[in-house]
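Data first, discussion second: the structure below is written as structure tokens.
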Amino acid sequence: MSERELPRILVFDSGVGGLSVAARVHEQLPTASIVYLADNAAFPYGALSESVVVERCCRLISKALEQYPCDAIVVACNTASTVALPNLRAITDVPVVGVVPAVKPAATQTKNRRIGILATPATVRRPYLDELIREFAPDCQVERVGHPGLVQWAEDLARGVPVPQCNLDGAVRKLRDAGVDTVVLGCTHYPLLLTSLKQSLPEVKFWVDSGDAIARRVVWLLAQAGKPIEAREPSRVLGTPVAEALFTGKAPAGIASYMAGLGLQPKLVTGNWPETL
């Protein structure tokens, strides 16, 4: 089986947060090739208008597919998933998977019916989060925290900058005071902060994100399309699960080592893409 006969998956985000999703995809599809595309030149997406987010997502993903034909696209960004999925699906036949805060699984796990939702300020304000809570957690006390610092702390962590633990403690104090036993990590950056978050909220029993559900959805889509989801010679591709990590801005310092620590050793890292083409 040739390397291209194996599935190739494009994972897109505005920064490094989508690496948390890429790691889950790699766990469930260890022989698939991943192309990671980060629009870090426009980070953070929450500060942009919806029309700009849609335009950048469609243009960059289309360009990546020209260079790297893929079998599935994962939009590992809550903001982009909220506003750009219909437009993306209109311009490509490649299946597109988005992310939403994992309110439904959180409601099935909580024991004391107190759930915390940790998200970006933009996600916390969006009506679709209200709809998720009404549909899946109507009997729960739900505390929302939309703090602007967490995404940047995750970006900094990927460059080797330690998480400011005292600042993080303050950012999530509302969840601690509410006595939540379950926290929804409503941004793909936040699983990268999990070790520090557990220090801030040691009483929390369940930490819930969308990574595993997204990975299962990708596996299902590939199986439906008749794509091989197991390789005959997995050792040939396990060493470099990420074929290329593409950054529209400067590639973060030390990103290859950070990705390797997540099990996502990249074969190539390219900054200032697609201008470098």
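The values are calculated or read from the model by the stated rules, or taken from the named source; none is laboratory data. Please read these numbers as outputs of a predicted model, since none were measured by experiment. All Cβ positions, even for glycine, are placed from backbone atoms using ideal geometry, and neighbour counts span all protein chains on display.
Side notes on the structure shown:
- Residues considered: Val218, Val142. Of these, the only one that is surrounded by 18 or more Cβ atoms within 10 Å (Cβ to Cβ), at pLDDT 95 or above and not in a helix (DSSP H, G or I) is Val142.
Results for (1) at pLDDT 95 or above; (2) over 22 Å from Pro127 (Cβ atoms); (3) out of contact with any His (no Cβ under 6 Å at 6 or more places or on another chain), shown as yes or no for each residue.
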residue: Asp13; (1), (2), (3): yes, yes, yes
residue: Ala32; (1), (2), (3): no, yes, yes
residue: Asn40; (1), (2), (3): yes, yes, yes
residue: Leu48; (1), (2), (3): no, no, yes
residue: Glu55; (1), (2), (3): yes, yes, yes
residue: Asn78; (1), (2), (3): no, no, yes
residue: Val83; (1), (2), (3): no, no, yes
residue: Pro86; (1), (2), (3): yes, no, yes
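- Selection of first residues in the stretch 78-103 that are in contact (Cβ under 8 Å) with a residue 24 or more places away in the chain and of second residues that are of a type in the set (Phe, Trp, Tyr), restricted to Cβ pairs under 7 Å at least 6 apart or on distinct chains, gives the following pairs, ordered by first then second residue: Thr79/Tyr45; Ala80/Tyr45; Thr82/Tyr128; Val103/Phe136.
- Selection of the stretch 239-261 for residues being in contact with a helix residue (DSSP H, G or I) (Cβ under 7 Å, 6 or more places away or on another chain) and surrounded by fewer than 18 Cβ atoms within 10 Å (Cβ to Cβ) yields only Gly249.
- Across the stretch 177-207, the number of residues qualifying as in contact (Cβ under 8 Å) with a residue 60 or more places away in the chain, in a strand (DSSP E or B) and either farther than 26 Å from Asp39 by Cα or not assigned by TED's automatic domain parsing to the domain that holds Arg113 (or both) comes to 3.
- Residues of the stretch 133-152 that are within 19 Å of the chain's Cα centre (by Cα) and under 29 Å from Arg113 (Cα atoms): Val145, Gly146, His147, Pro148, Gly149, Leu150, Val151.
- Only listed residue being assigned by TED's automatic domain parsing to the domain that holds Arg24, within 14 Å of the chain's Cα centre (by Cα) and modelled with pLDDT of 95 or more, chosen from Ile73, Ile61: Ile73
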